[in-house]
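As structure tokens, the structure follows; a few thoughts come after it.
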Amino acid sequence: MRAVVIVPVLTRQPRGEDDDASRPRLSRSADARRDEAVGLARAIDLDPVHAAVVTVNDPRPATLLGTGKVAEFAEIVKDSKADLVIVDHPLTPVQQRNLEKELNTKVLDRTGLILEIFGERARTKEGALQVELAHLNYQKGRLVRSWTHLERQRGGAGFLGGPGETQIEADRRVLQDKIVKLKRELETVRRTRDLHRAKRKKVPFPVVAIVGYTNAGKSTLFNRLTGAGVLAENMLFATLDPTLRRLRLPHGTPVILSDTVGFISDLPTHLVAAFRATLEEVVEADLVLHVRDISDPDTAAQAEDVEQILADLGVDAQDSKRVVEVWNKVDLLDEDHRARLLEDDAARKRPPVAISAITGEGLDTLMETIEAHVSGELSPLTVTLTPAQLGLIDWLYRNGDVTRRTDNEDGSVTLTLLATQNAREEIESRLRGRA
């Protein structure tokens with residue numbers, strides 16, 4: 001399907017009531033916004049035949065764009081024989097309907113496009129339910145443009161009945177009934193997830209959640225660490241459904257690693273609400289890895305968008321004890337850029353971990369950082385095993401860094417090793433059990 005992509009850039013960005021006025025939002029470059037919109041279109045196999053950035057000084061309530069620009073794009077749509085126009089900005093139902101009339105083709109705004117991508121990517125029953133719920137909430141205000149019979153009325157009951165309900169009211173009622181049904185099913189999903197979490201807590205493996213802007217390399221990192229076969233492509237929203245795998249860290253600490261859906265700027269609020277059951281994996285995680293594509297010119301603005309969504313979920317991105325920033329794709333940087341980043345890191349209170357999920361660079365440091373957060377820092381420990389306890393030697397080598405071994409004349413063995421706090425407690429427990 002051929003598509004024309006329009007990226008409106010408002011000179012005065014409206015600020016929400018909950019935004020912090022003292023903290024200016026980072027502006028995203030127009031070229032980056034256009035490239036992202038084109039990437040979103042290609043993510044569902046659309047063919048963007050034309051993409052343009054439009055500066056909007058005075059947003060029109062009827063069409064968002066000015067009349068001259070609307071007429072200009074009508075000609076472009078006609079000449080390029082486009083089947084669809086994508087407006088990379090939220091549109092009201094009235095604006096969407098008016099633009100469809102003026103451009104004489106179907107119009108999809110940013111919210112609708114993201115919903116289409118999510119609908120195509122959902123693989124599990126849970127994902128399909130969440131996407132369908134978000135779709136229905138989105139469609140409620142747009143029924144009037146989807147039907148041609150909406151003003152027909154159904155007759156009232158009896159002689160004293162009124163004119164009856166209009167078709168649009170009936171359709172909205174049907175939609176609302178579907179929404180209620182889906183919410184019930186998702187509540188069942190949420191309870192099931194709660195049960196799974198409760199079982200995991202009985203075998204207390206720490207949960208490490210990977211979050212980040214879409215296409216930051218989360219799934220590539222997940223596959224590299226766990227050997228999982230999660231789809232990882234240079235595509236926006238390549239994966240949607242969350243995946244959990246068990247991972248053993250260098251000193252033996254087992255953790256559950258969770259790959260989540262990618263975030264994006266202006267993520268529809270009802271989509272966040274629909275995916276809350278999935279995103280609760282992030283809320284419940286012991287450690288959150290915020291993966292950034294450090295090679296992207298707009299990485300700072302992307303990081304701000306991710307931090308805002310985390311804040312909406314109740315996760316403080318500035319909490320260094322719970323959130324670790326991971327700078328991915330350092331292999332794409334030149335030496336000068338790398339040197340500048342390293343200089344900036346030295347002045348930061350919580351320096352990020354620089355990695356390349358493709359080449360494997362920095363992954364050892366990342367694993368050690370994860371283990372230090374979930375199990376405590378490494379510290380030296382000396383233990384002497386009696387002949388009855390020698391069966392623990394293999395376990396100690398797998399769960400600690402043995403730096404020295406002394407075989408004593410009485411048959412005992414003395415080991416000096418580096419171990420995490422959790423490992424130290426486990427060692428003491430096992431030694432008491434074999435005393």
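The values are calculated or read from the model by the stated rules, or taken from the named source; none is laboratory data. Predicted model only: the values in this text are computed from it and were never measured. Cβ sites come from the backbone with ideal geometry, for glycine too, and all protein chains shown count toward neighbours. Keep in mind that these areas ignore ligands, DNA and RNA; they rest on the heavy atoms of the full protein, side chains included. Shrake-Rupley method; radii C 1.70, N 1.55, O 1.52, S 1.80 Å.
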If the cut-off is a Cα-Cα distance under 12 Å, which aspartates and glutamates reach Lys183, setting aside same-chain residues fewer than 8 apart in sequence?
Glu126, Glu132
In order through segment 210-220: 3J(HN,Hα) via Karplus (6.51 cos²θ - 1.76 cosθ + 1.60), integer Hz, x for Gly, Pro
9, 10, x, 5, 4, 6, 7, x, 5, 5, 4
Contour minus Cα-Cα span, Asp58 to Asp266, at 0.36 nm per residue, comes to 72.9 nm
Given H placed 1.01 Å from N in the peptide plane, which residues other than close sequence neighbours of Lys106 have an amide H under 5 Å from its amide H?
Val85
Which order do Ile358, Ile393, Ile370 take by accessible area at a 1.4 Å probe, largest first?
Ile358, Ile393, Ile370
In segment 365-435, the GluC sites (Glu not before Pro) that sit in a DSSP loop and have at most 12 other Cβ atoms within 10 Å of their own Cβ are Glu377, Glu409
Check each of the trypsin sites (Lys or Arg not before Pro) in segment 42-142 and keep only those in coil by DSSP with at most 10 other C-beta atoms within 10 angstrom; list them in order.
Lys81
For Glu284 the rounded accessible area (nearest 10 Å², probe 1.4 Å, non-protein molecules ignored) is 90 Å²
Longer than 21 Å from Cα to Cα, which of Lys125/Lys181; Lys81/Lys140; Lys106/Lys181; Lys140/Lys178 are they? Say none if no pair is.
Lys81/Lys140; Lys106/Lys181
Nonlocal amide H pairs with Leu91, under 5 Å, H built at 1.01 Å
Arg110, Thr111
Sites matching trypsin sites (Lys or Arg not before Pro) across segment 357-435 that sit in DSSP coil, with at most 14 neighbouring C-beta atoms within 10 Å
Arg434
Just to verify a number: what accessible area does Leu195 come out at with the full protein assembly present, 1.4 Å probe, Å² rounded to tens?
110 Å²
